[in-house]
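Report on the structure given below.
Here, each number is a calculation from the coordinates, and none is a lab measurement. Nothing here was measured: the structure is a model prediction, and the numbers come from that model. In this analysis, Cβ positions are derived from the backbone assuming ideal geometry, glycine residues included, and neighbour counts consider all displayed protein chains.
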Amino acid sequence: QQPVQSPQAVILREGEDAVINCSSSKALYSVHWYRQKHGEAPVFLMILLKGGEQKGHDKISASFNEKKQQSSLYLTASQLSYSGTYFCGTEIQGTYKYIFGTGTRLKVLA
Amino acid sequence: DGGITQSPKYLFRKEGQNVTLSCEQNLNHDAMYWYRQDPGQGLRLIYYSQIVNDFQKGDIAEGYSVSREKKESFPLTVTSAQKNPTAFYLCASSVGTSRAYEQFFGPGTRLTVL
């Protein structure tokens, strides 16, 4: 039931790009993306409400393919501050129950 | 400043003791959530509440209890029935259904059972 994220972990050099995927076995109404630094609370990045929607701010963007039940997060020209664990999240249809994906650990090296 | 507060930041408990974790928000949010996070793992939903005096079990509710007597407060009690309670506990809130609204998180409480 939990959305599966890929890759599980990725290491980048500053300036490189990365893509994180989130796939669900169930239909998605919307997808959230969060970043969590070690020992801290998750911080909201963006929400995608409609299939086909794409959003972005700064050098982080995301897309949502409702038909394929998946979303992708794109990080371009990565910075050291991008390091952390990224989670997608979604509310299960027909309920108010919220679940997070399996997570992707991203480390950016200087 | 609006936000979510959790207290205490660190909590130590002896085996067999119940302990209550506090979560307060002044954002006027209707929905509140409790998550558990184990080292290197994701967030698992314990309980959630969409409205005062109503709450539902999440995926790992066994050994936990909650109350929602006030809109701004959603305390979590870790009972002695929870076999492995050592973890990082996060409280969150949202304006309404998380289908359309982001969740705001508190700073978390790190619980250690001695």
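Would any residue of the range B:83-101 have its amide N under 18 Å from a label point 7 Å out along Cα→Cβ of B:Y10? List them or say none.
Answer for the range B:83-101: B:86-90.
Rounded to two decimal places and with Rh computed the Kirkwood way over Cα pairs, what is Rg over Rh for chain A?
0.96
Any idea how many Lys pairs in chain B come in under 23 angstrom at the alpha carbon, given 8 or more places apart or on separate chains?
Pairs that pass both the separation and distance tests number 7.
Expected output is a single nm value to one decimal: the length gained when fully extending between B:K70 and B:L114, i.e. 0.36 nm times separation in residues minus the C-alpha distance. What is it?
So the chain would gain 12.6 nm between B:K70 and B:L114.
Let me know the shape class of the range A:52-110, please: from the alpha-carbon gyration tensor, a ≥ b ≥ c as square roots of the eigenvalues, rounded when a/c is under 1.5, otherwise prolate if a/b is greater than b/c, or oblate.
oblate
Would you mind pulling out the separation of the Cα centroids of the range A:8-57 and the range B:68-114, in Å?
22 Å
Take peptide B:31-41, look around each residue's Cβ out to 10 angstrom, count Cβ atoms belonging to other protein chains, and average those counts.
Mean shielding by partner chains, rounded to a whole number: 2.
Taking beta carbons within 10 Å but only from partner chains, what does the mean come to for residues A:39-47?
That average works out to 6.
Working from the alpha-carbon coordinates of chain B, get Rg over Rh, Rh being the Kirkwood radius.
0.95
Step through the table entries A:K26/A:K68; A:K50/A:K107; A:K55/A:K97; A:K37/A:K107, compare each Cα-Cα distance with 20 Å, and write down the pairs that go over it.
In this structure, A:K50/A:K107; A:K55/A:K97 exceed 20 Å between Cα atoms.
If the viscosity is 0.890 mPa s and the temperature 25 °C, what Stokes-Einstein diffusion coefficient in µm²/s follows for the protein assembly as shown when Rh is the Kirkwood radius over Cα pairs?
137 µm²/s
I'd like the mean, over residues of A:85-92, of how many other protein chain beta carbons sit within 10 Å of each residue's own Cβ.
Taking all residues of A:85-92 together, the mean is 3.
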